[in-house]
Amino acid sequence: MQSRMLAMEEGKDQATVIRTNISRTLPLRLLLFCLLFAVMAVGLSIICMYSVRFFIFQQTSTVTPSSLHPWFDESDTIERWIRPPANLWHSISDTELLWRASFVPKIKEYPFLRVPKIAFMFLTKGPLPLAPLWDRFFEGNQRHYSIYVHALPSYIAGYPESSVFHGRQIPSQMVEWGKMSMCEAERRLLANALLDISNEWFVLLSESCIPLFNFSLIYHYISRSEHSFMESYDDPGPYGRGRYDSRMEPEVQLSQWRKGSQWFEVNRRLAVDIIEDIKYYPKFKEFCQPACYVDEHYFTTMLTIQVPQLLANRTLTWTDWSRGGAHPATFGKDDMSEAFFQRIFEGQACLYNGQPTTVCFLFARKFAPSALDPLLELASRVFGI
Ligand SMILES: *[C@@H]1O[C@H](CO)[C@@H](O)[C@H](O)[C@H]1NC(C)=O
Ligand SMILES: *[C@@H]1O[C@H](CO)[C@@H](O)[C@H](O)[C@H]1NC(C)=O
């Protein structure tokens, strides 16, 4: 009986020994397994991360092969929103273009370095015979201007790559002088120029215009002005109020009717006012047709109603109407001399930011192609170009 009990005790002891052995080795193995698993998991995820990076880099680098490029592309940065269109020749319709151009940033402080530019907008029939003079005028001022050319649709421009006009033509439509299609062309120029967020001032010029001063003077004159140079006056005669049609009421009343030169300079705010207008546009389109020349009335009347305090009420473009008739004088080769320009410079008196000045015109028209050579000769002495 005792020996049985002893044997049982022994067996009990043996069992205890085995159990304690198992309970000691089991957690150790488990721990080892876990550790191995963890190491494998970390290793795998590192491999995954690197391969994903590698593939993304491969993808972006096929789009932008620059070795300086990070593995994210430009669409992730502010560049995407501020870069002007690379190609002016687009297939956007006028309706789409005006809509897009009417986007206005509400925060007026730019979160990037913005160098404000003057957009020089040339409204032409075809070639720009005075282009060599303008090339000289713009030389060295790349950061401060941009150029847009609206020619008739049939005209194919062939400016050499060295010219500032190379690749600056915008898609155009037919233009009939004195009709709404003229104002539409001007709005098209403004809308295209508005797509470049750096453009702050917008000058409308023609193929017969010339600059009267060097670029830096013109840039300072325009950029420091408190007003936009839209000519606006009330002409009681047959060519002023005589062109008014009372069916324009109530949008435009006779007392609000204005006349002014087609050749304007406006700032960005007024440029948006012009392209976004749907209130006055139908009235002018319907009730101002020749002999009402809409390009002499539409923008100036509209802006005088909306923002009179922002207008200088005078144009920057000198024109000679002294010979009378429907068209101003055109000057050619034989008219060109220092004395000719002296007469233009001397006859000036106007207000600039409320102060009297004798510098009133920055541009002049109309100059024939034959004037080019003498103009190039006079340019440095007379205009400082
Ligand atoms: C531009 O013209 C003005 C006045 O004629 C002159 O004072 C200025 O030095 C000229 N600037 C350049 C860069 O030629
Ligand atoms: C331009 O004319 C408007 C009235 O049509 C006037 O309110 C404004 O002050 C004028 N601008 C200047 C610079 O005198």
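Placing +1 on the Cβ of every Lys and Arg and -1 on the Cβ of every Asp and Glu, with no other charges, gives the range 230-384 a dipole of roughly 160 debye about its Cα centre. Counting charges near GLY260 (Lys, Arg +1; Asp, Glu -1) among other residues having Cβ under 9 Å from its Cβ returns a value of +1. Model label sites at ILE107 and ILE78, defined 7 Å from Cα along the beta-carbon direction, differ in position by 0.9 nm. The GLU276 and LYS125 beta-carbon pair, evaluated with R₀ = 22 Å, returns a calculated FRET efficiency of approximately 0.20. Computed from backbone phi, the HN-Hα couplings of the range 177-185 come to 4, x, 10, 4, 4, 5, 5, 5, 5 Hz, rounded to whole numbers (Karplus: 6.51 cos²θ - 1.76 cosθ + 1.60, θ = phi - 60°; Gly and Pro given as x). Relative contact order for the range 270-385: 23 percent, from Cα pairs under 8 Å spaced at least 6 residues apart, divided by residue count. For the range 262-306, a/c is not less than 1.5, where a ≥ b ≥ c are the root eigenvalues of the C-alpha gyration tensor, and a/b does not top b/c. That puts it in the oblate class. Applying a DSSP loop filter and a limit of 11 other Cβ atoms within 10 Å to the GluC sites (Glu not before Pro) in the range 79-131 leaves GLU109. Taking Cβ atoms as reference points and 10 Å as the exclusive limit, the residues near TRP177 contribute a net charge of 0, counting Lys and Arg as +1 and Asp and Glu as -1. The label point for LEU32 and the one for HIS327, both projected 7 Å from the Cα toward the Cβ, are 10.4 nm apart. Placing a label point 7 Å from the Cα of ASP373 along the Cα-to-Cβ direction, the residues of the range 110-142 with a backbone N closer than 17 Å are 129-133.
The alpha-carbon of LYS259 sits under 15 angstrom from the alpha-carbons of these aspartates and glutamates, leaving out residues fewer than 8 places away in its chain: GLU231, ASP234, ASP235, ASP245, ASP295, GLU296. Taking each residue as 0.36 nm, the span from GLU226 to TRP99 lengthens on full extension beyond its C-alpha to C-alpha distance by 43.0 nm.
Label-to-label distance, THR358 versus GLN253, with points set 7 angstrom from Cα along the beta-carbon direction: 4.3 nm.
Taken together, the values in this text are just the output of simple stated rules run on the coordinates, not laboratory data. The shown structure was predicted, so the numbers you read here are calculated from the model rather than taken from an experiment. Please note: Cβ atoms are built from the backbone with ideal geometry, for glycine as well, and neighbour counts cover all protein chains shown.
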